[in-house]
1. What trypsin sites (Lys or Arg not before Pro) does region 1-31 have in DSSP loop regions with at most 13 other beta carbons within 10 Å?
2. Each residue of region 136-145 in turn: what ³J(HN,Hα) in whole Hz from Karplus with 6.51, -1.76, 1.60 and θ = phi - 60°, glycine and Pro shown as x?
3. Could you count how many Lys pairs in region 1-123 have their Cα atoms under 26 Å apart, skipping same-chain pairs fewer than 8 positions apart?
4. Ignoring ligands, DNA and RNA, what percent of the accessible area of region 8-69 is carbon or sulfur (1.4 Å)?
5. For region 20-156, build the convex hull from the C-alpha positions and give me its volume per residue in Å³.
6. Taking H as built 1.01 Å from N, whose amide H comes closer than 5 Å to the amide H of His112, not counting residues under 5 places away?
7. Roughly what would the spin-label model give for Tyr7 and His110, points 7 Å off Cα along C-beta, in nm?
8. What are the ³J(HN,Hα) couplings of region 12-29, residue after residue, when phi is run through the Karplus curve with 6.51, -1.76, 1.60 and θ = phi - 60°? Round to Hz, x for glycine and proline.
Amino acid sequence: MRDKPYYSLRTGKHDGEIKIDLDTAKKLFLPLYRSFNQKDYFQEAFGYQCVDAGYVVGTAGQEIEGAMLLALRKGYLWPIEDRLSEYAEDDFFDVVEFLHDHISKPLEGHYHSYYGCGMHYSTFNRLEGQAEFRAAVNPILACFDTGFVLSNDGEILHLAEPGFAPLLEADLPPTDEPNVEARVAAAVKRFRRQRSSLELRHSPSQRGAEDQL
């Protein structure tokens with residue numbers, strides 16, 4: 001991997017700022033989702049099709065669309081590849097968080113060679129899968145609109161404005177006060193979550209939805 005910026009950034013001819021709209025974000029996300037799916041990172045949760053056993057149910061249950069309906073209180077989001085182009089901003093964010101909850105890195109299993117059925121995994125690592133997913137999706141979210149980030153907890157939060165970033169990321173001074181760090185971390189998350197909610201409320205797609213009510 002290249003560890004230095006390319007020419008225009010390196011020479012100061014480009015400031016590196018880029019903003020993408022929702023359609024572009026979804027187009028960039030689609031191959032990312034396909035890649036994780038093809039590498040069986042959703043096999044534990046969503047199950048798999050076997051030429052001998054038929055559909056083997058994952059931890060999310062028999063009907064993934066139903067699982068999404070119950071979790072997100074929305075229908076018509078599955079299958080993702082078919083529905084992604086229709087997603088509003090809040091749908092897109094909901095599905096990214098849902099996938100983060102259900103992704104896991106496949107570790108051990110066996111290859112079912114009959115008719116090239118494929119790998120059937122039996123052990124997974126959720127934390128590693130989630131970390132890889134965040135590393136892949138966050139560059140897209142950071143460029144989308146005013147900038148967002150998928151947190152370690154699986155919540156899409158608003159990125160801090162440049163002037164606030166050092167305050168939100170700075171280490172706390174030594175203290176004997178119990179749970180101070182936990183309370184500060186919770187306050188930072190509330191700030192970013194509120195910023196995300198306000199941005200969503202004032203986004204064109206959300207205003208259009210509200211106008212129809």
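1. The qualifying sites are Arg2, Lys13, Lys19.
2. With coefficients 6.51, -1.76 and 1.60, one gets 7, 8, 5, x, 6, 4, 5, 8, 7, 6 Hz.
3. Lysine pairs meeting the criterion: 10.
4. Here carbon and sulfur together make up 49 percent of the probe-accessible area.
5. 104 Å³
6. Sorted by chain and number, the residues that satisfy this are Gly118, Met119, His120.
7. Between Tyr7 and His110, the label points sit 5.5 nm apart.
8. x, 7, 9, 7, x, 6, 8, 10, 10, 8, 5, 4, 5, 4, 5, 5, 6, 6
The values are calculated or read from the model by the stated rules, or taken from the named source; none is laboratory data. Just so you know, these numbers come straight off a predicted model, no measurement behind them. Cβ coordinates were reconstructed from backbone atoms using ideal geometry, including for glycine residues, and neighbour counts include every protein chain displayed. Heads up: the accessible areas ignore ligands, DNA and RNA and are worked out on the full protein's heavy atoms, side chains in. Shrake-Rupley method; radii C 1.70, N 1.55, O 1.52, S 1.80 Å.
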